[in-house]
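Worksheet for the structure shown next.
The values are calculated or read from the model by the stated rules, or taken from the named source; none is laboratory data. Everything numeric in this text was worked out from a predicted model, so none of it was measured. Cβ atoms come from the backbone with ideal geometry, glycine included; neighbour counts cover every protein chain shown.
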Amino acid sequence: MSDKEPVKSIITPTRTEYTYTPGPSAQRSLRALARGKLVGEICPSCNQVYYPPSGACARCGVATRDEVEVADKGTVTTYAIVRVPSENIDLELPYCTAHILLDGADIPFFGLIQECEWDAVRIGMRVEAVWKPESEWGLNAENIRYFRPTGEPDVPFEQFKEHL
Amino acid sequence: MRDVAIASFAQTKYVRNQVELTEVDMIIPVIGDAISRSGIPKSEIGFYCHGSSDYMAGQSFAFVGAVDALGAFPPIAESHVEMDGAWALYEAWVKIQCGEVDSALVFGFGRASMGKLRETMNLQLDPYTLGPLGIDSISLAALQARALIDAGKTSERQMAEIAIRNRRVAKDNPNAQVTGDFEVEKLLAEPTIVSPLRKHDCPPISDGISAVVLAAGNHIGRGESKPVFIRGIDHRLDSHQLGGRDLTRSPSTKLAGERAGVHDGPVEFAELHAPFSHQEVILREALGLGDEVVINPSGGALAANPMMTAGLTRIGEAATHIAAGKAGRGVAHATSGPCLQQNLICVLEGE
Ligand SMILES: [Zn+2]
């Protein structure tokens, strides 16, 4: 190689390790999830219910501490059919991701939709969680395998337009 | 120049390892405290700016999470620096000087305990020639300390005495992390971590948050404590190539000090962000601070060194010192980068 050839890249190996702790709200919520419960938190200022809870109401900038259980069923507020593979995601293509407004919550929760034709998925559709067997529950969101249609009538957009 | 005052200062107690709370959990009470003591209603805060580094949390865009603490609805004007909160204060000060706003909340935060700080700090080095050597933050500081000792500007004994003084006065600082009375002979009998640095020459690893509210115009004087005015502020940097610098000197501190007008009046005290004991010697020389100047009434960074806000804490502690009537005029300093690479000087004065 000529020394006039530009150096186009170098490799600098680097590795950093972190020990992450998620804080009291996420910990309480994860422990509840391991018991099959979806426990969010309510803002003392604006009464919005957050699931999953982060410990704060981003709208008001105040701490949320009072727990509120939300349902494991809800309404699709938006969705996407994913047809391209992605690193670290071990799902058969295509698959459907959705924002689901769980009954009792004020912000949508991220989930997968299955047991449904892709062209039948729609905004306003009612869905319910399909859980892993109880013996497999752990401290993680994968306790819910996916959501499936309930067959209930669709919810009109007007009823959830403030919760997108 | 518009008069800009530090209206209030709030901080957490600094601890080695805050595993109970998230950053947002920590930020909410501190900024709430700073805003309420500023006397400025939250709805009238014109600008928010904070300093932090995603490398502390090991998550990209971790800094955005902090906005959850601000109550950003209806929308607020907000900015971030990937630097110590002292530079966030500088950005806010510029915005106030431009006449865009009359008040600002500034804060900095870090939970350095989540990673291995000595290794995390390697990632700030240039990725081509210096970073790949794997050199850590204490080793770099040790190179500087060795050069300073060889130049006859300090000694291991003087460095120990600096650590002792800072940690002794920190006994009066309820938020400090490492405090107490130590004996120089005992400290010098301890082994070195990276020669010539011993444990006492190095800062603690600290998790914590601090916040300042700046006020201009009609907002000045609304707070619980007397306003403390920023009479000059400037920041400068030296080369990031450590081989290209004389590590025993800090030209950037000297220049920033001159531009900020450090000696336009009497300097009664200085809050110096010197994480390593020998760096206090370099900063004193660069700023021309004689023996009559009280250094670090708070105990400085050797008593608590919250990454990304230890510099802002120096400004807040200096303002608190003046507001309490303990001094009329003083200097606060913040540093960033390896071996005092970048330096900010803020001259503060009471009414
Ligand atoms: Zn709220």
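Please indicate, with yes or no, whether at least one residue in region A:15-38 is small (Gly, Ala, Ser) and within 16 Å of the ligand (Cβ to nearest atom). I'd like the intermediate steps shown before the answer.
Initially, region A:15-38 is screened for residues small (Gly, Ala, Ser), giving A:23, A:25-26, A:29, A:32, A:34, A:36.
So of that shortlist, the ones also within 16 Å of the ligand (Cβ to nearest atom) come out as A:25.
Scanning region A:15-38 turns up at least one residue that is small (Gly, Ala, Ser) and within 16 Å of the ligand (Cβ to nearest atom).
Of all strands (runs of 3 or more DSSP E) completely enclosed by region B:170-257, which ones contain at least 3 residues that are of a type outside the set (S, T, N, Q) and in contact with a Gly (Cβ under 9 Å, 6 or more places away or on another chain)?
Numbers: elements: B:192-194, B:207-216, B:228-237.
The qualifying strands (runs of 3 or more DSSP E) are B:207-216, B:228-237.
Select from region A:120-144 the residues that are in a loop (DSSP other than H, G, I, E, B), in contact (Cβ under 8 Å) with a residue 12 or more places away in the chain and out of contact with any Asp or Glu (no Cβ under 8 Å at 6 or more places or on another chain) and list them in ascending order. Lay out the reasoning, then the answer.
First, the residues of region A:120-144 that are in a loop (DSSP other than H, G, I, E, B): A:121-125, A:132-133, A:137-140.
Now restrict to residues that are in contact (Cβ under 8 Å) with a residue 12 or more places away in the chain: A:121-125, A:132, A:137-140.
Scanning region A:120-144 gives A:Val121, A:Ile123, A:Trp137, A:Gly138, A:Leu139, A:Asn140.
Does region A:88-110 contain any residue that is among the acidic types (Asp, Glu) and within 16 Å of the ligand (Cβ to nearest atom)?
Step one: list which residues in region A:88-110 are among the acidic types (Asp, Glu), which gives A:90, A:92, A:103, A:106.
Now drop any that are not within 16 Å of the ligand (Cβ to nearest atom), which leaves A:106.
Yes, some residue in region A:88-110 is among the acidic types (Asp, Glu) and within 16 Å of the ligand (Cβ to nearest atom).
B:Asp136 fails exactly one of the following numbered conditions: (1) surrounded by fewer than 22 Cβ atoms within 10 Å (Cβ to Cβ); (2) of a type outside the set (Ser, Thr, Tyr); (3) closer than 20 Å to B:His50 by Cα. What is the number of that condition?
So the condition that B:Asp136 fails would be (3).
All but one of (1) free of Cβ contacts under 8 Å to residues at least 24 places away in the same chain; (2) within 14 Å of chain B (Cβ to nearest Cβ) hold for A:Thr64, so report the exception by its number.
Tallying (1) free of Cβ contacts under 8 Å to residues at least 24 places away in the same chain; (2) within 14 Å of chain B (Cβ to nearest Cβ), A:Thr64 fails exactly one: (1).
Would you mind telling me which numbered condition in (1) farther than 18 Å from B:Pro306 by Cβ; (2) in contact with a strand residue (DSSP E or B) (Cβ under 8 Å, 6 or more places away or on another chain) B:Phe61 fails?
Evaluating B:Phe61 over (1) farther than 18 Å from B:Pro306 by Cβ; (2) in contact with a strand residue (DSSP E or B) (Cβ under 8 Å, 6 or more places away or on another chain) leaves (2) as the failure.
Looking at region B:264-309, which of its residues are surrounded by 21 or more Cβ atoms within 10 Å (Cβ to Cβ) and assigned to a strand (DSSP E or B)?
Scanning region B:264-309 gives B:Phe269, B:Ala270, B:Glu271, B:Pro306.
Which residue, of B:Leu89, B:Leu123, B:Leu140, B:Leu130, is away from chain A (no Cβ under 12 Å) and more than 27 Å from A:Gly55 (Cβ to Cβ)?
Details: B:Leu89 fails: more than 27 Å from A:Gly55 (Cβ to Cβ); B:Leu123 fails: away from chain A (no Cβ under 12 Å); B:Leu130 fails: away from chain A (no Cβ under 12 Å).
Just one listed residue meets the conditions, B:Leu140.
Scan (1) surrounded by fewer than 21 Cβ atoms within 10 Å (Cβ to Cβ); (2) aromatic (Phe, Trp, Tyr); (3) in contact with a His (Cβ under 7 Å, 6 or more places away or on another chain) for the single condition B:Tyr128 breaks and write down its number.
Answer for B:Tyr128: the failing condition is (3).
Might you let me know whether region B:36-46 holds any residue that is within 12 Å of chain A (Cβ to nearest Cβ), in contact with a Phe, Trp or Tyr (Cβ under 8 Å, 6 or more places away or on another chain) and surrounded by 15 or more Cβ atoms within 10 Å (Cβ to Cβ)? Walk me through how you get there before you give the answer.
If we filter region B:36-46 for residues that are within 12 Å of chain A (Cβ to nearest Cβ), which is where we start, we get B:42-43, B:45.
If we keep only those that are in contact with a Phe, Trp or Tyr (Cβ under 8 Å, 6 or more places away or on another chain) too, we end up with none.
For region B:36-46, residues within 12 Å of chain A (Cβ to nearest Cβ), in contact with a Phe, Trp or Tyr (Cβ under 8 Å, 6 or more places away or on another chain) and surrounded by 15 or more Cβ atoms within 10 Å (Cβ to Cβ): absent.
Is at least one residue of region B:340-351 at pLDDT below 95, touching a strand residue (DSSP E or B) at 6+ places or on another chain (Cβ under 8 Å) and surrounded by fewer than 24 Cβ atoms within 10 Å (Cβ to Cβ)?
Let us first name the residues in region B:340-351 that are at pLDDT below 95, namely B:351.
Right, trim to touching a strand residue (DSSP E or B) at 6+ places or on another chain (Cβ under 8 Å) and you get B:351.
Now drop any that are not surrounded by fewer than 24 Cβ atoms within 10 Å (Cβ to Cβ), which leaves B:351.
Yes: region B:340-351 contains one or more residues that are at pLDDT below 95, touching a strand residue (DSSP E or B) at 6+ places or on another chain (Cβ under 8 Å) and surrounded by fewer than 24 Cβ atoms within 10 Å (Cβ to Cβ).
May I ask you to list the residues in region A:1-46 that are within 14 Å of chain B (Cβ to nearest Cβ), polar (S, T, N, Q) and either more than 24 Å from A:Gly74 (Cβ to Cβ) or assigned to a loop (DSSP other than H, G, I, E, B) (or both)?
A:Ser9, A:Thr12, A:Thr14, A:Thr16, A:Thr19, A:Thr21, A:Ser45 - these are the residues of region A:1-46 that are within 14 Å of chain B (Cβ to nearest Cβ), polar (S, T, N, Q) and either more than 24 Å from A:Gly74 (Cβ to Cβ) or assigned to a loop (DSSP other than H, G, I, E, B) (or both).
Can you tell me which residue in region A:50-61 is farthest from the other protein chains (Cβ to nearest Cβ), limited to those that are more than 10 Å from the ligand (Cβ to nearest atom) and at negative phi?
A:Tyr51
Take the residues in region B:92-113 that are more than 14 Å from chain A (Cβ to nearest Cβ) and within 19 Å of the chain's Cα centre (by Cα); name whichever of them is surrounded by the most Cβ atoms within 10 Å (Cβ to Cβ).
Of all residues in region B:92-113, those more than 14 Å from chain A (Cβ to nearest Cβ) come to B:92-104, B:106, B:108.
Then keep just the ones that are within 19 Å of the chain's Cα centre (by Cα); that gives B:92-94, B:104, B:106, B:108.
On the way: B:Ala92: 25, B:Trp93: 20, B:Val94: 12, B:Ala104: 29, B:Val106: 32, B:Gly108: 35.
Result: B:Gly108.
Got at least one residue in region B:312-331 being touching an Asp or Glu at 6+ places or on another chain (Cβ under 6 Å), part of a loop (DSSP other than H, G, I, E, B), of a type in the set (A, V, I, L, M) and crowded, with 21+ Cβ neighbours inside 10 Å?
no
Quick one: which of A:Thr75, A:Thr64 is surrounded by 19 or more Cβ atoms within 10 Å (Cβ to Cβ), of a type outside the set (Lys, Arg) and more than 17 Å from the chain's Cα centre (by Cα)? Please lay out each step first, then the result.
Values: A:Thr75 fails: more than 17 Å from the chain's Cα centre (by Cα).
Step by step, each of A:Thr75, A:Thr64 is checked, and only A:Thr64 is surrounded by 19 or more Cβ atoms within 10 Å (Cβ to Cβ), of a type outside the set (Lys, Arg) and more than 17 Å from the chain's Cα centre (by Cα).
Can you pull out the residues in region B:272-303 that are in contact (Cβ under 8 Å) with a residue 60 or more places away in the chain and over 18 Å from B:Cys339 (Cα atoms)?
The answer is B:Ile295, B:Asn296, B:Pro297, B:Ser298, B:Gly299, B:Ala303.
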